[in-house]
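Below is one structure, written out as structure tokens; comments come after it.
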Amino acid sequence: MSISTPTSVTAVAPGRVNLIGEHTDYNHGRCVPFAIPLATTATLTVRTDRGLTIVSDRAEPWTGSLDDVDARTVTGWPSYVAGVLWALGQDGWQVPGLDITISSTIPLGGGLSSSAALECAVAVGLAGLVGAPLDHAGRLHLAEACRRAETAYVGAPTGGMDQLASLLGAVDQAVLIDFAGPSPVTRTVPVALATSNLTVVVTDTGVRHSLADGDGGYAERRAQCEAAAAALGIASLRAADVEDLTRLTDPTLRARARHVVTENARVVEAVGALEAERWTELGSLLSASHASLRDDFAVSCAELDVAVAASLDVGALGARMTGGGFGGCAITLAKSEIAPRVRGAIDAAYAARGWPPPRHHEVVPSAGAHLT
Ligand code: ADP
Ligand code: MG
């Protein structure tokens, strides 16, 4: 692909919450994220030389050239952008010198996928510049390139859910993703929040992780899942069922595998509940997912557990941590009239512990990445 016109484009890519199916993507499992109204905007302007500038309203600006991208010497936050240019260049795209300006309403490192939104905004912008299609197949390709950017260039071993959610999201729809095969298979699932008088509250605990900076937890969980699959003699935990778990003698590996196996089953039940609008059942599945992530997968933290417990105490249908864990955000599914009480109960529980007040966002399933 090569540039024709225009020479400047703007693309918007949303963050996401994962409704259910956590730490399943890299285990060839299933998940159901949806795109949210919080989003990242990227404006890409073609230069006449090989220069590259990357400016964000949330970070220090970066100046270099495409040679730095090719040499893979870009580090820190600009590597998410450079990684996308590198990945699409690998796929044969003619990447020009660019001035890239980024702005975002997504909290960084908060589990709402600011990283994928950044990648996808740049990828969709570049697609707009080179005239690449933004149909379903084109979006699957961009998602794969962005995933490659994050794993191979940035060095964060993420599984691919976030990029697919940002690129395939749709209004009032979640995206069911199945990672069983060589390429992910996706379909949309209705999430009729408004007509059912329901609200999803996202609570940002303020506790921060970094998937790329070697805090170890995420990569360690991935390694434990691979070790559990190897001990069972299967390619991935997707192929395991509950009976297999008794064959795992290491209690840590058994607990990690139990989370993945039961979470994959919960996703199937949750999709059935969404399609039939059985909200009480969906809420119970969310809460069960949280307990599994807390007790078996050990990726929750006190701030997430307190938010979930406070929501359930005031009558929410269900609540869970969302994203990789070790901080970040919790989501609560509640009747809309309960939502203010949910926020108040979480705030009070945090204040009682002397923790800084969390930030809440009410989110609805929103459009995927697009050119403006
Ligand atoms: P999450 O994706 O859950 O927000 P990650 O740790 O995966 O958390 O990604 C966060 C990192 O992505 C930030 O530390 C920063 O390096 C980069 N990033 C994301 N969005 C932006 C942005 N708008 N401006 C600058 N850097 C960003
Ligand atoms: Mg991320």
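Throughout, read-outs are computed from the coordinates displayed, never taken from laboratory work. These figures come from a predicted structure and were not determined experimentally. FYI the Cβ positions are ideal-geometry reconstructions off the backbone, even for glycines, and counts take in every protein chain you see.
Simple spin-label estimate for residue 91 and residue 7 gives 2.6 nm between the two label positions (7 Å along the Cα-to-Cβ direction from each Cα).
Dividing the C-alpha radius of gyration of the stretch 113-207 by 2.2 N^0.38 Å, with N its residue count, gives 1.19. Ellipsoid semi-axes for the stretch 1-151, based on the Cα gyration tensor and the rule √(5λ), read 25, 17, 15 Å when sorted largest first. Put a dot 7 Å past the Cα of residue 108, heading toward its Cβ, do the same for residue 226, and the two dots end up 2.9 nm apart. With the cut-off at 1.5 for a/c, could you classify the chain from its C-alpha gyration tensor as rounded, prolate or oblate? Verdict is prolate for the chain. Would you please give the FRET efficiency between residue 371 and residue 249, computed as 1/(1 + (r/R0)^6) with r the Cβ-Cβ distance and R0 = 56 Å, to the nearest 0.05? With R0 = 56 Å, the Cβ-Cβ based efficiency is 0.55. Residues in the stretch 142-151 carry Karplus couplings, in order, of 4, 4, 5, 5, 5, 4, 4, 4, 6, 7 Hz; the curve used is 6.51 cos²θ - 1.76 cosθ + 1.60 with θ = phi - 60°, and Gly or Pro positions show x. For residue 369, the residues whose amide H sits under 5 Å from its own are 167, 168, 169, ignoring neighbours fewer than 5 places away on the same chain, with H placed 1.01 Å from N. Annotation for residue 362 and residue 277: the two label points, set 7 Å from Cα along the Cα-Cβ direction, are 1.9 nm apart.
For the stretch 108-122, 3J(HN,Hα) computed residue by residue from phi via the Karplus equation (6.51, -1.76, 1.60; θ = phi - 60°) reads 7, x, x, x, 9, 6, 5, 5, 5, 4, 4, 4, 5, 5, 5 Hz, glycine and proline entered as x. Would you work out if the stretch 181-274 is rounded, prolate or oblate? Take a ≥ b ≥ c from the square roots of the eigenvalues of the alpha-carbon gyration tensor; rounded if a/c is under 1.5, else prolate when a/b is larger than b/c, oblate otherwise. Since a/c reaches 1.5 but b/c is at least a/b, the shape of the stretch 181-274 is classed as oblate.
For the stretch 358-366, backbone phi angles converted through the Karplus equation (6.51, -1.76, 1.60; θ = phi - 60°) give residue-by-residue couplings of x, 9, 10, 9, 8, 10, 10, x, 10 Hz, Gly and Pro being listed as x. Under 5 Å from the amide H of residue 39 lie the amide H atoms of 15, 105, 106, each residue being 5 or more positions distant or on a separate chain, with H modelled from the backbone and absent for Pro and chain starts.
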